[in-house]
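Working notes for the structure below.
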Amino acid sequence: METIVKNNKEEVLDLVLDGFSRGMTYTEYRDLVNGLAQNRATTGPEQLESLINYTELGDRRMNRWDKTLKISEDLKNEVLALDRELTFLVLTESWCGDAAPSLPVINKVAELNPKIELRIVLRDENPELMDEFLTKGARSIPKLIVLDKKRNEIVGQWGPRPSIATQMVEDFKKERGHLTSDFKQDLQVWYNKDKGQNIQEDLLNLLALK
């Protein structure tokens, strides 16, 4: 994924650390999204009907993923053996269709090892931070930033989609120029069939655990 850096490393690190200090736990984020869904609202400055509907859909999907997701034995064993203290910071919004199947995976990985701390911040409330982690010039979410606490260094990032889904999107855009509603539905079908395996493979590679 492309990273566009406008500030020096120290300034970017400060932005990440500040975001983490203000960030929500996964439980707090799920409570937020659930409350928004129940009250017909969404995160972000625009309370559009479409975004509200996506928030409701995302809440239902995360509920399902939280209950049914299974972490592979390979990833589980490697994360349990992790001897680095890592910070996971995720930028997202409640209406994001790619976040619903991805955040539960990231959370379950973080839960495996107390040396991993996860926090979540909203993209539109953190534009300066978001702009340091653009994907091909766009504020694409979700975006995971990984910080090594001991080295006080950003060691990786992931997002906005698993690698296979990313290729699917790129191929479709090359053919059609833009994503259609039908393709977005097909992408959600792929997420359901994949059951979080591709993002788990991506996280293994990201954390350099292999």
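The values are calculated or read from the model by the stated rules, or taken from the named source; none is laboratory data. The structure presented is a predicted model; accordingly, all values stated were derived computationally and were not measured. Ideal geometry is used to build each Cβ from the backbone, glycine not excepted, and the neighbour counts take in all protein chains shown. With ligands, DNA and RNA removed, areas are computed over all heavy atoms of the protein, side chains included. Shrake-Rupley method; radii C 1.70, N 1.55, O 1.52, S 1.80 Å.
Determine the order of D66, D186 by accessible area, beginning with the largest, at a probe radius of 1.4 Å.
Working: D66 45, D186 95 Å².
The residues order as D186, D66, largest area first.
Using a Förster radius of 22 Å, what is the FRET efficiency between R139 and L32 based on their Cβ-Cβ separation? Nearest 0.05, please. List each step's numbers first, then the result.
Details: r = 20 Å, r/R0 = 0.90.
For R139 and L32, the calculated efficiency is 0.65.
For the modelled label position 7 Å from the Cα of A41 along Cα-to-Cβ, which residues of the range 55-78 have backbone nitrogen atoms closer than 20 Å? Inside the label zone: 55-60. Out of N113, P160, Q197, whose Cα points farthest toward the positive end of the dipole of the range 89-210 (charges: +1 Lys, Arg; -1 Asp, Glu; placed on Cβ)? With unit charges placed on the Cβ atoms, the residue in question is N113.
Placing pseudo-labels 7 Å out from each Cα toward the beta carbon at L179 and T25 gives an inter-label distance of 3.1 nm.
Positive contributions from Lys and Arg (+1) and negative ones from Asp and Glu (-1), summed over other residues with Cβ under 13 Å from the Cβ of R40, come out at -3.
Length gained on full extension, D171 to N152, computed as 0.36 nm times the residue gap minus the Cα-Cα distance: 3.1 nm.
Taking a point 7 Å from the Cα of R60 along the Cα-to-Cβ direction, the residues of the range 181-207 with backbone N closer than 18 Å to it are 182, 184-193.
Can you give the FRET efficiency for D186 and S163, using 1/(1 + (r/R0)^6), R0 = 22 Å, r = Cβ-Cβ distance, to the nearest 0.05?
E between D186 and S163, to the nearest 0.05, is 0.80.
Site pair S50 and R84 shows an inter-label distance of 3.9 nm when each label is modelled 7 Å from Cα along Cα→Cβ.
Can you tell me the order of 120-126, 139-145 when each peptide is scored by its average per-residue count of other Cβ atoms within 10 angstrom, highest first?
Values: 120-126: 19.4, 139-145: 22.4.
Answer by packing, highest mean first, reads 139-145, 120-126.
Sequence-ordered 3J(HN,Hα) estimates for the range 78-86 from the Karplus curve with 6.51, -1.76 and 1.60 and θ = phi - 60° stand at 5, 5, 4, 8, 4, 10, 9, 8, 10 Hz, glycine and proline given as x. Evaluating 6.51 cos²θ - 1.76 cosθ + 1.60 at θ = phi - 60° for every residue in the range 88-102, the Karplus couplings come out as 9, 10, 10, 9, 7, 9, 5, 8, 6, x, 7, 6, 4, x, 9 Hz, glycine and proline recorded as x. Scalar couplings 3J(HN,Hα) for the range 118-131, obtained by applying the Karplus form with A = 6.51, B = -1.76, C = 1.60 to θ = phi - 60°, are 10, 9, 10, 10, 8, 4, 6, 8, 9, x, 5, 5, 4, 6 Hz; x denotes Gly and Pro. Take Y54: with every protein chain present and a 1.4 Å probe, its accessible area is about 110 Å².
Annotation: amide H-H contacts under 5 Å for I116 (H modelled 1.01 Å from N, sequence separation of 5 or more, or interchain): L86. Measuring between their Cα centroids, the range 139-204 and the range 21-62 lie 20 Å from each other.
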